[in-house]
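Engineer: After the structure tokens below, expect a handful of questions from me.
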Amino acid sequence: MKRFKLNNIIADSAVCASVTVATVVTIALALGGCGGGGSSPAAAMPPQTTPPLTTPTAPDTPSLLSYGNIQKAGTGVGASLNGAVPFPADNAWNQDISSAPVDPASSTLISSMGLNTGLHPDFGSGLYQGAPIGIPYTVVDAAQAKVAIHFQAYGNESDAGPYPVPANAPIEGQPANGSAFSGDRHVLVLDRSANRLYELYNAAPNVDGSWNADSGAVFHLDSDTVRPTAKPGWTSADAAGLPIFPGLARYDEVAAGKIAHALRFTVQNSRKAYVPPATHAASSNTSASLPPMGMRVRLKAGYAIPATFSNDTKVILQALKTYGMIVADNGSNWYISGAPDARWNNDKLVNELASVHGSDFEVVRMDGLVTP
């Protein structure tokens with residue numbers, strides 16, 4: 001089974017550098033690329049409104065980071081994890097790769113994604129076409145009832161329900177007024193009591209409290225065996241078979257001064273191959289010049305983060321130096337995924353990240369490449 005997604009629109013960083021906040025928001029969504037494919041909402045879907053984002057109070061400092069246990073996270077939509085980091089410290093997502101060897105094909109692979117193309121945040125503040133910008137998430141606890149999940153497409157590669165998904169869980173692309181919408185429709189739910197992450201692709205709620213979804217996966221946030229049920233070649237809610245949430249840029253981490261994990265990004269053209277921690281390819285192209293799913297890049301050691309940049313951008317770029325970012329899906333080249341938050345400064349994020357180009361990156365050596 002393979003899932004394909006095409007997006008041939010690339011952001012023009014020169015244009016992005018001179019626009020207003022309102023225009024930036026428009027560009028962010030109109031040109032954005034993120035995981036998954038088409039959608040077909042459930043016929044019995046009830047009106048859906050967007051729950052308000054939770055504003056964390058007194059975010060933790062980096063010295064208070066805790067790995068593999070999210071029990072001190074807040075609850076609600078966009079809740080702070082209060083310094084908790086999914087998966088153990090030695091997990092692939094959390095490894096410091098700043099000194100890892102460079103892949104022999106790095107130059108060719110980077111060229112395929114655009115040497116002169118700038119980074120672009122696929123997240124932000126405010127709304128575009130009535131919907132928050134980015135991939136939302138919600139945190140629940142043991143009190144949240146589990147409900148049935150009806151898989152529509154990739155049930156043979158999904159983890160069976162029930163899942164603790166609230167009836168009003170935010171859906172990626174969901175307008176605040178409850179109007180119809182399409183897109184990838186990701187739903188991400190973290191159960192802090194059980195240290196579990198539940199992710200759905202192309203999800204839609206039913207009037208009886210159950211949900212329809214094309215695929216779903218359950219990840220163990222307290223283990224390096226992140227998805228015990230997964231088999232080689234399986235997809236997840238993400239095309240690469242990866243968890244989505246651990247790769248999101250989140251404001252609570254930026255406010256605390258450190259993103260302590262790799263980020264998630266998209267490429268326009270990928271290879272029919274994957275490298276761990278990915279488990280799934282999302283292309284029919286076998287060219288070795290194209291990036292496989294799971295490929296990790298990092299900012300070169302010689303790249304100097306400008307002192308004039310905003311704190312938010314500095315934290316993101318430092319994460320890209322230390323932990324890098326992982327190819328998770330087909331979309332627009334160099335688009336970084338993140339969660340929506342009212343405190344993101346769209347102008348600064350877009351303008352500052354656009355000045356960081358593909359040529360500033362290198363590919364970390366790929367070990368264990370799988371070519372289906």
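The values are calculated or read from the model by the stated rules, or taken from the named source; none is laboratory data. Note that the structure is predicted; figures quoted are calculated from it, not measured. Note that each Cβ is placed from the backbone with ideal geometry, even for glycine, and that neighbours are counted across all protein chains shown. With ligands, DNA and RNA removed, areas are computed over all heavy atoms of the protein, side chains included. Shrake-Rupley method; radii C 1.70, N 1.55, O 1.52, S 1.80 Å.
Engineer: Mind giving me the nanometre distance, one decimal, between the label points for Thr371 and Thr308, set 7 Å out from Cα along Cα→Cβ?
Structural biologist: 4.6 nm
Engineer: Wrap a convex hull around the Cα atoms of the stretch 311-372, take a quarter of its surface area, and give that in square nanometres.
Structural biologist: Taking a quarter of the hull surface, the average projection is 5.7 nm².
Engineer: Using 1/(1 + (r/R0)^6) with R0 = 51 angstrom and r between the beta carbons of Val207 and Ala105, what's the FRET efficiency to the nearest 0.05?
Structural biologist: For Val207 and Ala105, the calculated efficiency is 0.50.
Engineer: Which sequence of Trp234, Trp93 reflects their accessible areas, 1.4 Å probe, from the largest down?
Structural biologist: Trp234, Trp93
Engineer: Okay, next question. How much length would be gained if the chain were fully extended between Ala288 and Ala89, taking 0.36 nm per residue of separation minus their Cα-Cα distance, in nm to one decimal?
Structural biologist: 68.5 nm
Engineer: For an R0 of 41 angstrom, estimate the FRET efficiency from the Cβ-Cβ distance between Ala301 and Ser182 and round to the nearest 0.05.
Structural biologist: In this case the efficiency is close to 0.45.
Engineer: For a 30 Å ceiling on Cα separation, which of these pairs sit above it: Lys272/Lys300; Lys258/Lys300; Lys300/Lys348; Lys231/Lys300; Lys72/Lys321?
Structural biologist: Pairs exceeding 30 Å: Lys231/Lys300.
Engineer: Rounded to the nearest whole Å², what accessible area per residue is found for the stretch 204-255 with the 1.4 Å probe?
Structural biologist: Solvent-accessible surface per residue comes out at 26 Å².
Engineer: List every residue whose amide H lies under 5 Å from the amide H of Gly183, counting only residues 5 or more places away in sequence or on a different chain, with H placed 1.01 Å from N in the peptide plane.
Structural biologist: Residues meeting the criterion, in which the H sits 1.01 Å from N, are Ser39.
Engineer: Between Ser98 and Asn69, with labels modelled 7 Å along Cα→Cβ, what's the label distance in nm to one decimal, could you check?
Structural biologist: 2.7 nm
Engineer: If each residue of separation counts as 0.36 nm, what is the full-extension length gain between Asp224 and Ala160 once their alpha-carbon separation is subtracted?
Structural biologist: Gain on extension, Asp224 to Ala160, equals 21.0 nm.
Engineer: Next question, about the same structure. Would you mind working out the accessible area per residue for the stretch 80-198, using a 1.4 Å probe, and quoting it in Å²?
Structural biologist: 37 Å²
Engineer: Given C-alpha coordinates of the stretch 86-153, what is the ratio Rg to Rh with the Kirkwood estimate of Rh?
Structural biologist: Over the Cα atoms of the stretch 86-153, Rg/Rh equals 1.10.
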